[in-house]
Amino acid sequence: MSIFLAQLLTGLAYGMLYFMIAAGLTIILGVMNVVNLAHGTLFMLGAYIVFTFISDELNFWIALLISVLLTAVLGIILEKLLIKHVYGKELEQVLLTFGLSFIIADVVKWIWGTEMQTLPVPALLDASLSIGEMVFPLYRLFVVFIGCLLALLLWYLESKTRIGAIIRAGVDDRAMVGALGINVGLVFTGVFAFGAALAGLSGALGGPLIGMYTGMDNEILVTSLIVVVIGGLGSWKGSFISAILVGVIETFGKVWFPSLSMLIVFLIMMVVLIIRPQGLFGREVA
Amino acid sequence: MSLLKVENISKSFKTLQVLYNVSLEVKPGERHVIIGPNGAGKTTLFNCITNLLPIDSGSIYLDGKEISKLSPHHLVHLGMSRTFQKNNLFGDLTVEENLHLALVAKKSYRYNIFSPLASRSDIKKETNRILDQWEISSRRHIKVKNLSYGEQRLLEVLLAMASNPKILLLDEPTSGMSPAETAQTSEMIQKLPRSIALVVIEHDMEVVFAIADRITVLHHGEVILSGSPEEVRNNEMVKEIYFGGGAKQHA
Amino acid sequence: MKKIFIYTVLLILLVLAMPLVLSDFGINLATEIYIMSIFAMSLGLIMGYAGMVSLGHAGFFGIGAYTVAVIGQYVSNSYLLLLISVVISGLTALITGVVFIRTSKFYFLMITLAFGQLLYVLFWQLKPWTGGADGMSVSAILNLGFGEILSPNAFYYVMGVAFIIAYILLRLFVESPAGKITKGIMENEARMSALGYNVRVYKLLAYTLSGALAGFAGSLYSYFNVFVSPDLSSWTFSGQVMVMVIIGGVGTLFGPAIGASVFICLQNFISTYTERWPMIMGAILVILVLIGKGGIIHWLRYFKDIIFLRKQTDEGAPQNQVKKEEVVN
C-alpha cells in the first residue's frame, strides 16, 4: 500500500511537470496557432541554467528564478525576431521551430557536454514526510503543490482578469481582438514569453527529479505533445487532467511493464482520439 | 410524393438556437425558393440538409429514404447536390480540370491509382458537352481564379450539376453580382432542365419571383409561411418582415 | 505527359551515366541519396498532394529497416523480404491512418510525431529482438536473382533503379483519377465532399501508399547500411526528411529528391569540417524561412522562366465576355 501511494505521488509529480510544460505549449497553440517544436529544448535549457548557477554556489531558488527569467527573455527575443514572421504559415513554423530546436540543443551540448547530470534537491526540501509507515519525499509534494498553484493562477488569469478575457477572445476570434484596439503583437509576445518561462520553470523543477541528459528535450516534447493532444487543443484545463493521467499511468507503467510504458501512453492517446478526435476538452471543429 | 421532405428539424449552436422545427417539402422538378432576412438560418438549413452540420432533432427524407445521418458524399450519389454561397472552386485548376474533378465522382474508376485521368475519353466528351452547352468553350484553359465573378458562379453550378442530380440546392446564386450578372444568372437558372428540382436561397426578389413555383419564408429559424408566390406576395406578415422594413424591393 | 516522359528518360540516362564520373566516395553518396530521395518523395506525396504534414514518417522507414534486419535472419529471398517490409509498413500506415486522418492539421502533426517517437522507443526497448540502443547489424544480403549485391557499383545501380521505379509509380499515382482527386481534397475538402467523394478514403489511400513507400526506402537502407539503430525512427530524422521535402519544394514530385540530394551533400560536406552540423543546419533552416517561400525546384523554375522568357501560362486579367448578348435583354 505504501509503495502504491509513493508511486502515485511520483506519478503526480511527473504529471505536474508535464502540465507545466504542456500548458505553455497548448496556450501558445491556442492563442497563436503555433506548434513550438523547440519547446522541449527550452525545458532542457531551463534545467541546465539552474545547473550552472548552482555550480557557482548559488541558492537553488535564486537559480530557479534566473532560469525562468532567462527563458522568458529568450522567448521574447525568439518571438520578436523570428516567430512573428511565420504566423499563419504552418510549414514555415515547423521548419523554423525545428531549426531552433536543433540550434538550442546543439548549444546545450556545446556548453554543457553530453554527460548525464543531475540537480541536487534543494536543501529546504531534502526531507521526507512520514505519515504512519508511509514516506513521501517532500520535493515531490512541493512539485505537485506548484503544479496546482499554476492551475489556480491560470484559472484566475483566464476568468478574472482583462488579459484572460483578451486571450479567450483571441482563441475564439482573432480578428475581433484586433478590432477591439488591443495590441495583438504585444499579446502574442507576452504569451510566447509566458510559455517559454513555463518550459524553463518545469525544466528547473524537473532537474532534481529526472536529471539532464542528451535526448531529454525530445522525450519531454513528445510527452507534452501527447498531453496536449489528449487534453484538447488550446485547453489548459484539458492539459491539467491529461497531464496527471499521463504522469500517473506512465509511472505505474514503468513499474509493471518497464519496456512498454510509452506504448501504453500512446495507446491511451489513440483511444481518446477514436472516441473524441478533438481531445477530451477540445473545441468542436465544424 | 415529395422528392425531399424535411420534417421538424432543429439545430442549435451551444445556446443559440438557429432552426426551430423547420419543415419543407419539395416535389420532383419543383423550383422552391427560400427567402428570409439575414440570420434567418437559410444557409444553416442547407448545411443541415446536406449533413455538413448534424441536426439535433427531426428527420430528412430523400425519395422516402431517411438521409439525415448519411455523409455529404453519400447524398451526392443519392442524387442531391449543392452549391455554396461563397465561390468554392479549385482556383489553381483550369475550368476544364474543375469539370473533370466533378465528373469523375460518378465513375467506377474514381479509385484507380495507375492510369492517367487525362486519357479518359468519356470525361473529355462530357466536359466538351457541358462547355458547349453553356457556351464557355473558349474559357476552358483559363485558371478558375482568373475568371470573372459571374463566370465562377456559373461554374459553381455546373460542378454541382456534374453528378446529374435529381435535386440541386443553390445557396444564393446571385450574391455579390452586378445587376447584369444577376439577370444572366436568373436566366440560367430558368434554363435548367425540369428533370432537376431546385431549392434556391435568394435575396433578390426579382429573381425569386422569376423562378419560384413555391416559396418558403424563414424568419428567426422558423418557417412562417410556405406557399405559392401569390400567397407570399399577399401575406401581411411577410410584407411586415420583408417589405415593410427599409428595403424597397418589389416584384 | 510528353514532357514528363522526356524528363523520365533524361533521369534514367543521368542515373546510368553518373558512375562514369564519380569516385567511390561519390558513388556511395549517390546511393544514399537515391534511398533518401525515395523516402523524401514518399513524404512529399502526402505533404504536397494530400496536405498532410507528418513529423513521424521515419517511423515507417524504421519499420522497413528493422523488418529486413530482424526477419532477414530467417528469410533470405530479397524480393520476399522487401515485400514483407512494404506490406508491414503499409498496413501500419493503414491502421494508424484510420485514426490520424480524422484529426485536424495541428493534431496530425503532433500525433504523427508521437507515433514516430513511439517506434523509436519500441526499437530501443525491445532489446532482445532489436539490440536496443546499440542497434543491430543486418545479416541479410541483397540478391535480386543475378548474384549477391556487395560492391558499391552494384548497390548504386540497384538503388538507382529503385529510385526510378518509385518515381514512375508516384508519377502514375499523381496523374491517376485517385491522385487528382486527392489533390483536389487538399485544395478544398468540403467541396470535394459536396461533389460526392469520400474524402477519408482518399486521404487514407495516400497515407498508406506513402507509408509503404517509406518502408520500402527503409528496407533498402537496411541492405545498404548493413546496420540499423533506433535513430532511424526518431522524430529528428522525420524532421530532417521534412526539411528535405521543404527545401526541395513542396507540391512537386521531384522536388523532395532534389532536397534530399542537397541536404545529404551539405551534411557530408559540413560534417567533415565541424562537429557543429546540427547548429549549422538549424541556422540554415531559420535563414531559409526568413528569406522566403518555395523550395529549390521553385527557384529553378523561376530562373528557367527568366532565361527562356516564357510567357506566363495564365492569361492576364479576368475577362467577362461570356454570353454578353444575354445581358442586353
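Computed values, structure above
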| read-out | value |
| --- | --- |
| Karplus 3J(HN,Hα) series, Hz, for segment A:196-206 with 6.51 cos²θ - 1.76 cosθ + 1.60 (x for Gly, Pro) | 5, 4, 4, 4, x, 4, 5, x, 4, 6, x |
| Calculated [θ] (222 nm, deg cm²/dmol) that DSSP helices of n ≥ 4 give over the protein assembly as shown, each run adding -39,500 (n - 2.57) | -20000 deg cm²/dmol |
| Selected from A:VAL50, A:VAL68, A:VAL184 as most flexible by GNM, with chain A as the system and alpha-carbon contacts under 10 Å | A:VAL184 |
| 5 angstrom amide H check on B:LEU53, placed H, neighbours 5+ away | B:CYS48 |
| Listed residues B:ILE55, A:VAL265, B:ASN164: farthest to the positive end of the dipole of the protein assembly as shown (Cβ charges) | B:ASN164 |
| Phi to ³J(HN,Hα) by Karplus 6.51 cos²θ - 1.76 cosθ + 1.60 over segment B:139-153, Hz, x for Gly, Pro | 9, 4, 9, 7, 5, 4, 5, 8, 7, 5, 4, x, 5, 5, 4 |
| Selected from A:ILE163, A:ALA47, A:ASN59, residue furthest toward positive end of dipole (segment A:2-215; charges at beta carbon) | A:ILE163 |
| Counted charge near A:ILE21, where neighbours are those whose Cβ lies closer than 15 Å (Asp, Glu -1; Lys, Arg +1) | -3 |
| q = 0.08, 0.09, 0.18 Å⁻¹, segment C:2-232: log10 I(q)/I(0) [Debye, one scatterer per Cα] | -0.31, -0.39, -1.31 |
| Average partner coverage of B:159-168, which counts Cβ from other chains inside 10 Å | 1 |
| Segment C:208-309, relative contact order in percent, only Cα pairs under 8 angstrom and at least six apart counted | 24 |
| Taking all pairs of distinct alpha-carbon atoms in segment A:1-151, Kirkwood radius in angstrom | 17.4 |
| For residues of C:100-113, the mean tally of beta carbons on other chains within 10 Å | 6 |
| Long-range HN-HN contacts of C:PHE227 with modeled amide H, under 5 Å | C:VAL138 |
| Estimated dipole of chain B in Debye, rounded to 20 [Cβ of Lys and Arg +1, of Asp and Glu -1, Cα centre] | 820 |
| Cα long-axis angle, helix B:95-104 against chain B (0 to 90 degrees, to the nearest 10) | 80 |
| Angle between chain C longest axis and helix C:78-100 axis [Cα atoms, degrees, rounded to 10] | 50 |
| Shielding by partners, peptide A:216-229 (average Cβ within 10 angstrom, other chains) | 4 |
| Reach of C:LYS183 by Cα under 16 Å, taken over aspartates and glutamates that are not fewer than 8 positions away in the same chain | B:ASP92, B:GLU96, B:GLU97, C:GLU175 |
| Surface/4 of the Cα convex hull for the protein assembly as shown, nm² | 42.1 |
| Mean Cα-pair separation over length for segment C:2-232, i.e. relative contact order, pairs under 8 Å, 6 or more apart, % | 41 |
| Whole-Å distance, taken between Cα centres, linking segment A:82-151 and segment A:182-196 | 21 |
| Residues A:TRP256 and C:LEU169, FRET efficiency given R0 of 41 Å [Cβ-Cβ distance, rounded to 0.05] | 0.35 |
| Positive minus negative residues near C:GLY135 (Lys, Arg vs Asp, Glu; Cβ under 15 Å) | -1 |
| For the protein assembly as shown, with +1 on Lys and Arg beta carbons and -1 on Asp and Glu, the positive-most of B:ILE113, C:LEU109, A:LEU81 along the dipole | B:ILE113 |
| FRET efficiency, C:LYS2 to B:GLN190 (Cβ-Cβ, R0 35 Å, nearest 0.05) | 0.20 |
| GNM top mover of A:VAL107, A:VAL31, A:VAL121 - chain A, alpha-carbon springs below 10 Å | A:VAL107 |
| Assigned charges on the beta-carbon of Lys, Arg, Asp, Glu; the protein assembly as shown dipole about Cα centre (debye) | 1300 |
| Among C:LYS183, C:LYS203, C:LYS304, residue whose mean-square fluctuation peaks in a GNM of chain C (springs only between Cα atoms under 10 Å) | C:LYS304 |
| B:LYS106/B:ALA180 FRET efficiency (R0 25 Å; Cβ-Cβ; nearest 0.05) | 0.15 |
| Simple Cβ-charge dipole of segment C:2-232, Lys/Arg +1 and Asp/Glu -1, about Cα centre, in debye nearest 20 | 860 |
| Relative contact order, percent, segment A:2-215 [alpha-carbon distance under 8 Å, six or more residues apart] | 44 |
| Helix A:138-160 vs. chain A, principal-axis angle (Cα, 0 to 90°, nearest 10) | 20 |
| Among beta bridges that DSSP assigns inside the protein assembly as shown, antiparallel share in %, nearest 5 | 65 |
| Anchor B:LYS14: lysines whose Cα lies under 22 Å away (excluding residues fewer than 8 positions away in-chain) | A:LYS237, B:LYS42, B:LYS69 |
| Value of D in µm² per second that Stokes-Einstein yields for segment B:1-103, Kirkwood Rh from Cα pairs, at 20 °C (1.002 mPa s) | 142 |
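A short reminder: the numbers here are calculations on the coordinates, not readings from a lab. Everything numeric in this text was worked out from a predicted model, so none of it was measured. Cβ atoms come from the backbone with ideal geometry, glycine included; neighbour counts cover every protein chain shown.
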